[in-house]
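Chemist: Dropping the structure in here first, questions after.
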Amino acid sequence: MTKSAVARRHLPTSPFKAPVVPPDKHFAVGERVTHDAYGLGRITAVEEGIAVLVDFGSRQVRILSPYVKLSGL
């Protein structure tokens with residue numbers, strides 16, 4: 001049996017808490033960030049809601065939304 005990609009809806013009568021949805025991450029040009037695989041970097045361009053371009057010193061990487069492994073400093 002395969003797992004569905006669609007999240008199940010929370011029933012109001014359920015004894016379990018509703019899942020918490022993390023807020024969207026927003027980045028600005030010039031902001032310092034860290035990435036789990038690439039390390040420290042600086043945002044050089046922002047495509048709002050789509051991707052960010054990050055300069056990690058040795059390379060520039062375009063990271064797509066949602067920014068799971070990217071966090072601001």
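Chemist: Anything in segment 28-49 that is assigned to a strand (DSSP E or B), closer than 18 Å to Val68 by Cβ and open to solvent by 60 Å² or more (accessible area, probe 1.4 Å)? List them, or say none.
Modeler: Leu40, Glu47
Chemist: Let me ask another. For segment 50-64, give me each residue that is surrounded by 15 or more Cβ atoms within 10 Å (Cβ to Cβ) and not in a strand (DSSP E or B).
Modeler: Phe56
Chemist: Within the set of pairs 6+ apart or on separate chains, which have a first residue in segment 48-73 that is on the phi > 0 side of the Ramachandran plot, a second that is part of a loop (DSSP other than H, G, I, E, B), and C-beta atoms under 7 Å apart?
Modeler: Gly49/Ser65
Chemist: Within segment 1-38, track down each residue that is modelled with pLDDT of 85 or more, under 29 Å from Val54 (Cα atoms) and β-branched (Val, Ile, Thr).
Modeler: Scanning segment 1-38 gives Val29, Val33, Thr34.
The values are calculated or read from the model by the stated rules, or taken from the named source; none is laboratory data. The structure displayed is predicted, hence computed values, not measured ones. Positions of Cβ are backbone-derived with ideal geometry, glycine not excepted, and every protein chain shown enters the neighbour counts. SASA here: full protein model, heavy atoms, side chains in, ligands and nucleic acids out. Shrake-Rupley method; radii C 1.70, N 1.55, O 1.52, S 1.80 Å.
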